[in-house]
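Below is one structure; the comments refer to it alone.
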Amino acid sequence: MNYYSLNKQSPIASFKEATILGQAPDKGLYFPEFIPQVDKDLISNIENISNEEIAFRVIKPYVGNEIREDELFRIVSETVNFSIPLVKVNEQISSLELFHGPTLAFKDIGARFMSRCLGQFVREGQAAQSGQTDKVTVLVATSGDTGGAVANGFYDVDGVDVVILYPSGKVSSVQEKQLTTLGKNIHALEVNGTFDDCQQLVKQAFTDAELNQQLFLTSANSINVARWLPQQFYYFFAYKQWKQKDQPPVIAVPSGNFGNICAGILAHMSGLPVKHFIAACNANDVVPNFMQSQSYQPKSAIATISNAMDVGNPSNFVRILELFHQQFPQLKEKFSSLSISDDETKATMKRVFNDFGYILDPHGAVGFLALEQYLTNEPSLQKGMFLETAHPVKFYDVVEDVLQHTIELPDAVQAIMHKPKAATFIDADYDALKEVLKGIS
Ligand SMILES: *Cc1c(COP(=O)(O)O)cnc(C)c1O
């Protein structure tokens, strides 16, 4: 498989090149040259096929021969080695729980796959194009969720150092522990500033010619094809657990940068039965507005209680448009988008807990309500699922406050809460960052 840049000003890239580069040189997102179709029996016989094999068969055409088959099988097996249950909430609605991975968010799947692919390419010496180093340094700024998944995914991967910048005092205590207790090749920098400061420092490092002479820097953000494509896996796992195979599900996806839902649509276009997709947004309503007006107007992000979705200019939406060949009528037939306020989110968390005994995190609550609203407007009784993208404990301050109910820490979280934090404190100053980076190389 080759990948072209959606800006059409860069040469095509192999899977390996696209993974190492992240973004095309013309700043466009990479997109596969064609959409491979899964074998019919993968769908008709899915209940009898293991998750590892499903994942392998889905991803194989995208990777081609750039990773040996036995290696690729090992990589996907490690990527999906935790449970992803479809849990019934009521007669109409089920929850696809994507939070049973090591950092309790769906980003674990993309991050685990990408880190292992990159690790493989580094071992083969392919990343060292510049010749100065046989190591790569992954540099990420995080507002909370991405950093933990990336750190965990790259933990102890040979040849890769990870440097994570997070804003001091602005991530939850669980998130901070996830970033700062791993050690080994994971370096946490606690920045005396905001998330925007962290992002600014990272951008400056990528454009610093002197630094890039010494280090091979790469990013691990969600536009990387190796993070985007494996997110198709769990849509297949969901269908495997879906009882009424003759009545495919409506699927609601809590959306921020739209990478997750875009992977679902890709899976559908490869042959997975899905009735309709709903992009569930919080107050950041650029895409819901676009679906009304057909005019795309990016805004600055608004802070909400579902903060991982506070995105004012979702980077993956261009990929969705490309999947529908820029044809609005086709898009509208398969795809809707709804905006849910913080008040509605809280009311939904309360109601679903009281009526069905199910604890939603704020992101999942946005997905639940958007799905429920869509289903009530449908004439025939449809059924559907929403993606529960994070464990409620990651947002326990909001959840406990809204539900007036304490939530138990899972074992994995209990264990890290007792570990000592190790982070280097720096001012939001580029020279300070550069010092640290040089020390690592
Ligand atoms: C990142 C994230 C989202 C948004 O996913 P996108 O792929 O950016 O649309 C939703 N929920 C949680 C909990 C997240 O961490």
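Ignoring ligands, DNA and RNA, what percent of the 1.4 Å accessible area of segment 9-48 is carbon and sulfur? Here it works out to 49 percent. Atom-type composition of the exposed protein surface of segment 284-414 places 48 percent of the accessible area on carbon and sulfur (1.4 angstrom probe).
Binning the alpha carbon pair distances of segment 279-341 at 10 angstrom intervals from zero yields the distribution 22, 56, 21, 2, expressed in whole percent.
Of all beta bridges that DSSP places with both ends in the chain, some 20 percent have antiparallel geometry.
Here the peptides 215-225, 252-262 are ranked by packing, the mean other Cβ count within 10 Å, and the order with the highest first is 252-262, 215-225. Counting only Cβ charges, +1 for Lys and Arg and -1 for Asp and Glu, the dipole size of segment 167-256 around its Cα centre is about 600 debye. Rounded to the nearest 500, the helix-only mean residue ellipticity at 222 nm of the chain stands at -12500 deg cm²/dmol, with each DSSP H run of n ≥ 4 adding -39,500 (n - 2.57). Here the peptides 264-276, 359-371 are ranked by packing, the mean other Cβ count within 10 Å, and the order with the highest first is 359-371, 264-276. The packing ranking of peptides 39-47, 149-157, highest mean first, is 149-157, 39-47, where packing means the average number of other beta carbon atoms within 10 angstrom of each residue. Counting only Cα atoms, the size of the chain along its three principal axes is 62, 48, 43 Å, in decreasing order.
The residues of segment 283-441 present an accessible area of 49 Å² per residue when probed at 1.4 Å with all protein chains retained. Protein heavy-atom accessible surface, 1.4 Å probe, per residue over segment 195-279: 30 Å².
Distance between the 7 Å Cα→Cβ label points at Asp343 and Ala422: 4.8 nm. Counting every pair of alpha carbons in segment 1-96, the share spaced more than 15 Å apart comes to 70 percent. Of the solvent-accessible surface of segment 194-255, computed with a 1.4 Å probe over protein heavy atoms with every protein chain present, carbon and sulfur atoms account for 50 percent.
Normalised by the number of residues in the chain, the mean separation of alpha-carbon contacts (under 8 Å, six or more apart) gives a relative contact order of 18 percent.
Note on segment 126-284: semi-axes of the ellipsoid equivalent to its C-alpha gyration tensor, largest first and rounded to whole Å, are 34, 19, 15.
The values are calculated or read from the model by the stated rules, or taken from the named source; none is laboratory data. Keep in mind that this is a model prediction, so the values were computed, not measured. All Cβ positions, even for glycine, are placed from backbone atoms using ideal geometry, and neighbour counts span all protein chains on display. What goes into the accessible areas is simple: the full protein's heavy atoms, side chains included, and nothing from ligands, DNA or RNA. Shrake-Rupley method; radii C 1.70, N 1.55, O 1.52, S 1.80 Å.
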